[in-house]
Amino acid sequence: MPGLDGPHPITSTQATVGNRTAPADRSREAQLLEMGLRRVLVEKVAPAVDCGRHPAKRTVGDRVVVEADLVADGHEKVAGAVLYRPRGEPTWREAPLEPLPNDRWRGAFVPDRIGRWEYTVEAWVDTFATWRDGLHKKADAGQDVHLELLEGAELVHRAAERTSGEDAEALSEVARALSDEEVDAAVRVEVALDAALAARMHHNPDRTDATRHDPPLALVVDPVRARFSAWYELFPRSSGPNGAHGTLADAAELIPYVAEMGFDVLYLPPIHPIGRTHRKGPNNTLGAGPDDVGCPWAIGAAEGGHKAVHPELGTLDDFRRFVRRANEAGLEVAIDIAFQASPDHPWVKEHPEWFRRRPDGTIQYAENPPKKYQDVYPFDFDSKDWRGLWEELLSVFLFWIDQGVRTFRVDNPHTKSLRFWEWCIDRIKSEHPDVVFLSEAFTRPKLMYALAKLGFTQSYTYFTWRTTRHELAEYLAELTRTEAREFFRPNFWPNTPDILPEHLQHGGRGAFLSRLVLASTLSSSWGMYGPAFELMERVPRPGAEEYVDNEKYQLRDWDLEADHSLRHVVARINRIRRDRPALQHTDNVRFHATDNDELICYSKQWEDDLVLVVVNLDPHHRHSGWVELDLRSLGVDPEHPYLLHDLLGDARYVWHGPRNFVELDPHVMPAHVFEVRRRTRTEVDFDYFE
C-alpha cells in the first residue's frame, strides 16, 4: 500500500489520510487544507516514550495495550484501529480500538517474534454508526425517516462496492431492501438497525479520510528472559580445588549447583587477562605481591585484551565448552563487558589516542574521589578517533556473540558516551535481536532511565538500599506506575561484589531471607552474588559497605556444602517463581495496608494466578499485625472464606473477609508467599481438611 512501505523517521507528529501524507516541506496553510476532511484528531497515543523519541519495550507474547484520544466535532461517531507490524514488513496488521470514557480508546496486539516493531493509531468518522444512531432516535420519536432510509441505502451500497465475497452480496441485498419504498418503513427500519448489518458495516468502513498518527511509534520486542530471569554471579577463578586458582573447566563443575538452585543466567565477571602494572592486592591495597591475582576489571595484558581469555582460566575453546555445558543445563551465560583498560592492555600502545593524557604526559587513571583505580585507564570518548574507538568496542560484543554469548552485564555504562550506547546497541540488536544487556549503573535516576531508553534491556536499581515499607512501596510505584514501566526493566540484587549493604552486615539470617524474598517476588528479574549470598557472608571492610577479603582482589575458597547455606531456600523461591505466572511480571505489583510498619504486604496477579506476599522487615524480632485486602479487586468473593497455601512453608490457612492476622518470626522464616485459592465455601473446606 503506498505510503506504508517502511519506517518513518522520528520527527514531528503528522496526520495521514489513507495513503496520503502531508509533505514536510509544504506550507503550514497547505498542510492544514490537505487535512481538512480528516475530522478525527488522534492525540495522546500511549505508550509513547518521550513522545516517541525512544521505543517502548515488551517481550515476545506480551499483550501490548495501546490507548489514544480520538476527538471529532459535533455528535459524529468515530472508530479506529491499532496498526502494527514488524519493522520492514510491508503490510500493517490491525486490532480494533474500543471506547473508554471521555473520548479515550484502547486496543491491544500481541507481537509474535522478537525484534523491532512499530505501531500507530488510525481513526475515522464512522458515518454508518452516526447515521444508524440518528435513525434510531427519529424512529423512536415517530418521525418520518423516508429520506434517512435512502441515505442509509447509499451508505450500505458504497460499503458493498468496497468489499467482496459474502459481505458484498449481503450488503448489496440490504441496500436494495432499504431503498425499496414499496416495503413498509417500519420493516426497513428493522433491517437498518439489525445487529448483523452493524457488524458487517463495522468491518468494512470508509477510511478514505482517516487520520493516522504519524510517524509510527517504535517497539522493541525482546526474548522472555528480558522480562523474567534469575541471575547468579560466580567468579570462575575461585572454583579451583583447595583454594587453588580455578579454571573454566573447574567452574563448569559448578554448573549443576547453580542450575539446581533454579537460576537461568550464570554471570561471570571479566574473564580476560589482568594487567600487572599497578595491580591491586587483597582488599584493594597497592603493591600486589607476586602471587596476587589482581582485579578482573583491570583488563588487558601481554596475553591479550577484551577478546582474550585469561590463561589461568583456560582457552577460548574452554570458554565455548563452558557455554555449551551451561546451555545444556538450561543456563544462559552472561559475561561482563567493562570498557576500560589496564596500563598493559595492547590498545594502550596500539591506540594511545583512545586515552586521555594529563599535562605531564601520563595517562589519566580512573577515579571516583576519594576512590582511586590506579590499575585502570578509562577510554576517552572525546578522542579525535572516536569513530575508530566506537567500532572497536562494538567488535568486542560481536566477538563474544560469535562464541555463543547472548547476555551481557555492562559495567558502569553511565561513565561512557550515551550516544555510543544508542548506536552500539542498535547495531547489535538489528542483527541479533535476542541479545540482552544489563546496565550496571548505580547513578542518578534520570541517567539510569536514559540508558534504558537508549537500549539497555535491564538495569540494576536502588532496591539494594530500600529497606522500609514506605521506601519499597514508593520505589515500586515509581517503577511500575509511571512512564518508566514502558522502558525500564528493574533487576533487583540484594548484594554485589561491590556492595554489602548495612542490613546484611548486621541482620543475620533473617535479613538474608527477607531480602531474598523481596528481591525475587517484587521484581520479575533478580540476581545475587554467590556464593557470598547463600553462605550469608557479611563481614565488611571496616567503615565500608563492602566485603572484607573481597573476591574482586583475591581468590576465595567457598564451602558450598555448609550446613548454614540458604541454597535450598533459594531453590524453592526460584521454583515458586517458575510455577507462578504472577511472579513473572513486575508492573502488576499492588501493595496492601498493614497496621504494623514492620510488615509489608503485596500481591501480584496474572490472569487466574494470584500470589500474596507478606514479609517481616525486622530481621531481629517477631512481628504480628493485621493485613487488609481489597478482595473484590483481587477477584475474591468477600462473602466466602478463601484458602491461602504458603508456598515457602507448605502450611495452609483459611482466611475470612478482607482483614486477617499474620505473625512472622525472622528466626524461623520472615515471609509468607501465598498462593490464593478463590473457591466456594464447600471447596475451601474440602481442600483444607483433605
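The values are calculated or read from the model by the stated rules, or taken from the named source; none is laboratory data. Note that the coordinates shown come from a computational prediction; the quantities given were computed from them, not determined experimentally. All Cβ positions, even for glycine, are placed from backbone atoms using ideal geometry, and neighbour counts span all protein chains on display. With ligands, DNA and RNA removed, areas are computed over all heavy atoms of the protein, side chains included. Shrake-Rupley method; radii C 1.70, N 1.55, O 1.52, S 1.80 Å.
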- For strands (runs of 3 or more DSSP E) lying entirely in segment 54-137, having 3 or more residues that are surrounded by fewer than 21 Cβ atoms within 10 Å (Cβ to Cβ) picks out 64-72, 93-96, 104-109
- Item | Filter result for L248 (in contact with a Gly (Cβ under 6 Å, 6 or more places away or on another chain), of a type in the set (A, V, I, L, M) and within 13 Å of A326 (Cα to Cα)) | yes
- Item | Residues of segment 560-597 that turn out to be of a type in the set (D, E, K, R) and open to solvent by 70 Å² or more (accessible area, probe 1.4 Å), as a count | 9
- Query: Looking at (1) buried (at least 21 other Cβ atoms within 10 Å of the Cβ); (2) among the aliphatic types (A, V, I, L, M); (3) closer than 16 Å to W297 by Cα, which is the one condition that is false for A366?
  - Reply: (1)
- Selection from segment 604-617 of residues free of Cβ contacts under 8 Å to residues at least 60 places away in the same chain and buried (at least 18 other Cβ atoms within 10 Å of the Cβ) yields Q605
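Residues checked against (1) surrounded by fewer than 21 Cβ atoms within 10 Å (Cβ to Cβ); (2) more than 30 Å from the chain's Cα centre (by Cα):
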| residue | (1), (2) |
| --- | --- |
| A301 | no, yes |
| G305 | no, yes |
| A308 | yes, yes |
| L313 | no, yes |
| D318 | yes, yes |
| F322 | no, no |
| E328 | yes, no |
| A334 | no, no |
- Task: Confirm whether S172 is hydroxyl-bearing (S, T, Y), touching a residue at least 12 places away in the same chain (Cβ under 8 Å) and surrounded by fewer than 21 Cβ atoms within 10 Å (Cβ to Cβ).
- Result: yes
- Just one of L219, L266 is modelled with pLDDT of 95 or more, under 30 Å from D126 (Cβ atoms) and either out of contact with any strand residue (DSSP E or B) (no Cβ under 6 Å at 6 or more places or on another chain) or open to solvent by less than 10 Å² (accessible area, probe 1.4 Å) (or both); which is it? L219
- Note on the structure: Here the residues within segment 165-202 that are modelled with pLDDT of 90 or more and not in a helix (DSSP H, G or I) are D184, L193, D194
- Within the bounds of segment 66-75, is there any residue that is within 20 Å of the chain's Cα centre (by Cα) and of a type in the set (D, E)? yes
- Note on the structure: Scanning segment 398-420 residue by residue, the ones that are in contact with a helix residue (DSSP H, G or I) (Cβ under 6 Å, 6 or more places away or on another chain) and within 22 Å of T496 (Cβ to Cβ) total 2
- Residues in segment 499-519: is at least one among the small types (G, A, S), open to solvent by less than 10 Å² (accessible area, probe 1.4 Å) and under 30 Å from H54 (Cα atoms)? yes
- Message: Report every pair of residues separated by at least 6 positions or lying on different chains whose Cβ atoms are under 6 Å apart, first residue within segment 542-555 and of a type outside the set (D, E), second open to solvent by 40 Å² or more (accessible area, probe 1.4 Å) and part of a loop (DSSP other than H, G, I, E, B).
- Response: V548/V539; V548/R541
- Query: Does segment 472-479 contain at least one residue that is among the hydroxyl-bearing types (S, T, Y), surrounded by fewer than 20 Cβ atoms within 10 Å (Cβ to Cβ) and under 17 Å from the mean Cα position of the chain (by Cα)?
  - Reply: yes
- Within segment 347-363, can you find the residues that are in a strand (DSSP E or B) and surrounded by 13 or more Cβ atoms within 10 Å (Cβ to Cβ)? I363
- Inspect all residues belonging to segment 401-410 and state whether any of them is free of Cβ contacts under 8 Å to residues at least 60 places away in the same chain and touching a His at 6+ places or on another chain (Cβ under 7 Å). yes
- Yes/no for R225 being surrounded by 13 or more Cβ atoms within 10 Å (Cβ to Cβ) and in a helix (DSSP H, G or I): yes
- Task: Answer yes if at least one residue in segment 666-680 is charged (D, E, K, R), crowded, with 16+ Cβ neighbours inside 10 Å, out of contact with any Lys or Arg (no Cβ under 7 Å at 6 or more places or on another chain) and not in a strand (DSSP E or B), and no otherwise.
- Result: yes
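So that you can scan it fast, the table gives a plain yes or no per residue for (1) of a type in the set (S, T, N, Q); (2) in contact with a Cys (Cβ under 6 Å, 6 or more places away or on another chain); (3) under 30 Å from V224 (Cβ atoms); (4) in contact (Cβ under 8 Å) with a residue 40 or more places away in the chain:
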position	(1), (2), (3), (4)
F109	no, no, yes, yes
E118	no, no, yes, yes
W124	no, no, no, yes
F128	no, no, no, yes
R132	no, no, no, yes
H136	no, no, no, yes
G142	no, no, no, no
H146	no, no, no, no
- Would you pick out the residues in segment 143-157 that are open to solvent by 70 Å² or more (accessible area, probe 1.4 Å) and more than 55 Å from the chain's Cα centre (by Cα)? Q143, D144, L147
- Query: What are the residue pairs meeting all of these: first residue in segment 411-432, first residue under 15 Å from S459 (Cα atoms), second residue among the polar types (S, T, N, Q) and surrounded by 15 or more Cβ atoms within 10 Å (Cβ to Cβ), Cβ atoms under 7 Å, and 6 or more apart or on different chains?
  - Reply: P413/S439; H414/T443
- Selection within segment 591-626 - outside any strand (DSSP E or B), closer than 19 Å to Y653 by Cβ and charged (D, E, K, R): D595, R622
- Can you tell me how many residues in segment 292-317 are among the charged types (D, E, K, R) and closer than 25 Å to D549 by Cβ? 2
- Mind listing just one residue for me: the one in segment 634-665 that is crowded, with 17+ Cβ neighbours inside 10 Å and among the β-branched types (V, I, T) and, of those, farthest from P619 (Cα to Cα)? V636
- Item | Which numbered condition C424 fails, given (1) over 17 Å from F487 (Cα atoms); (2) within 18 Å of the chain's Cα centre (by Cα) | (2)
